[in-house]
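A short write-up of the structure that comes next.
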Amino acid sequence: MSTAPVAKLLCPTRLAFLCPACGNRHQVVVHETFGWAWNDRLDTPTLTPSVLVNGTRPITDAEVERVFSGEEVPRVETICHSYVTEGKIRFLEDCTHHLAGQIVDLPPWSDDDE
């Protein structure tokens, strides 16, 4: 029995999955000589090495109002660091989100979210 895909091959060398912590799509380059190693499974992907995504938290509507009134709003750096193994994602302790240190299933892929 096959399960629903939790990842999508966007082009021959780019794989994407939805991060349940960030709510964003993370993408990696998958290639036999450079990038991440991948087990060629969209339903239970395994990627090596770990996936590290650094970013900045989007500002809120209230912060936008503060910026428009001339106030400086500090940037909030974000880290999402994980291992993807057999369709599960293990978030490492250096993550700045609520799932740091936890293992959860990757959510099903939906083209509706694109």
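The values are calculated or read from the model by the stated rules, or taken from the named source; none is laboratory data. Keep in mind that what you see is a predicted model, and the values were worked out from it rather than measured. Cβ sites come from the backbone with ideal geometry, for glycine too, and all protein chains shown count toward neighbours. Quick note on the areas: whole protein, heavy atoms, side chains included, nothing else; ligands and nucleic acids left out. Shrake-Rupley method; radii C 1.70, N 1.55, O 1.52, S 1.80 Å.
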Report task. Filter region 57-81 down to residues that are acidic (Asp, Glu), open to solvent by 70 Å² or more (accessible area, probe 1.4 Å) and more than 18 Å from residue 24 (Cα to Cα) and give me whichever is nearest to the chain's Cα centre (by Cα). Result -> 61
Requested in this report: Just give me the residues in region 1-23 being open to solvent by 60 Å² or more (accessible area, probe 1.4 Å), free of Cβ contacts under 8 Å to residues at least 24 places away in the same chain and in a loop (DSSP other than H, G, I, E, B), in sequence order.
Outcome: 1, 12
Query raised in the report: Which strands (runs of 3 or more DSSP E) sit wholly inside region 42-114 and have at least 3 residues that are of a type in the set (Ser, Thr, Tyr) and modelled with pLDDT of 95 or more?
Result: 77-85
Query raised in the report: Which residue pairs have Cβ atoms closer than 9 Å, lie 6 or more positions apart in sequence or on different chains, and pair a first residue in region 37-55 that is open to solvent by 70 Å² or more (accessible area, probe 1.4 Å) with a second residue that is among the charged types (D, E, K, R) and assigned to a strand (DSSP E or B)?
Result: 54/77
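Okay, residues lined up against (1) out of contact with any strand residue (DSSP E or B) (no Cβ under 6 Å at 6 or more places or on another chain); (2) touching a residue at least 40 places away in the same chain (Cβ under 8 Å):
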residue	(1), (2)
61	yes, no
64	yes, no
68	yes, no
74	yes, no
82	no, yes
88	no, no
96	no, no
99	no, yes
Query raised in the report: Can you name the residue in region 82-91 that is open to solvent by 30 Å² or more (accessible area, probe 1.4 Å) and of a type outside the set (Phe, Trp, Tyr) and is also farthest from the chain's Cα centre (by Cα) among such residues?
Result: 86
